[in-house]
């Protein structure tokens, strides 16, 4: 009888420690079925980023003038029609100390088909050092972060196209 009571207490404790948080998070159904449902895994398009931001596009990697114009239109006005037909993936880098730039980059990423834009954050000094040597695809920065890091100088050194935009 004592062993049965101990087993019941251990089971109850495990349920409280593991089961309750799992049920509260809504992940219990996924764990049981082994798959996510369509509602919980749906993506949402973020609004146009607010504030001013600067986008640097590496012209060395985007040598096709039509593709470059499509990317410029996408980053400046949010027009993704030309992008979807390109089937060209990009890698976007944002300074880890620039939350407004990260917000803008996530907003852009939400407007593209899944996995068309990879997003990564880096230290601003490392990011701009790589940019000076042409080792970037796209960089998104808030205007304030770009001014304090002197990103325009980097754009002049690298073969970069600057897309300056004012969010809504």
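Is segment 142-152 home to any residue that is modelled with pLDDT of 80 or more and closer than 18 Å to residue 91 by Cα? Before the answer, list the steps.
In the first step, residues of segment 142-152 are kept if they are modelled with pLDDT of 80 or more; the result is 142-149.
When the remaining residues are screened for being closer than 18 Å to residue 91 by Cα, the result is 142.
Taking every residue of segment 142-152 in turn, at least one turns out to be modelled with pLDDT of 80 or more and closer than 18 Å to residue 91 by Cα.
The residues of segment 68-88 that are assigned to a helix (DSSP H, G or I), touching a helix residue (DSSP H, G or I) at 6+ places or on another chain (Cβ under 6 Å) and modelled with pLDDT under 75, listed by number, are 82, 83.
Out of the residues in segment 126-146 that are in contact with a strand residue (DSSP E or B) (Cβ under 9 Å, 6 or more places away or on another chain) and in a helix (DSSP H, G or I), which is surrounded by the most Cβ atoms within 10 Å (Cβ to Cβ)? Write out each step before concluding.
Taking segment 126-146 first, the residues in contact with a strand residue (DSSP E or B) (Cβ under 9 Å, 6 or more places away or on another chain) are 127-128, 130-131, 134-146.
Restricting the remaining residues to those that are in a helix (DSSP H, G or I) gives 127-128, 130-131, 143-146.
Details: 127: 23, 128: 25, 130: 16, 131: 20, 143: 18, 144: 14, 145: 20, 146: 27.
Checking each candidate, the answer is 146.
The values are calculated or read from the model by the stated rules, or taken from the named source; none is laboratory data. For clarity, every value in this text was computed on a predicted model and none was experimentally measured. Cβ: placed from backbone, ideal geometry, glycine included. Neighbour counts: every protein chain shown.
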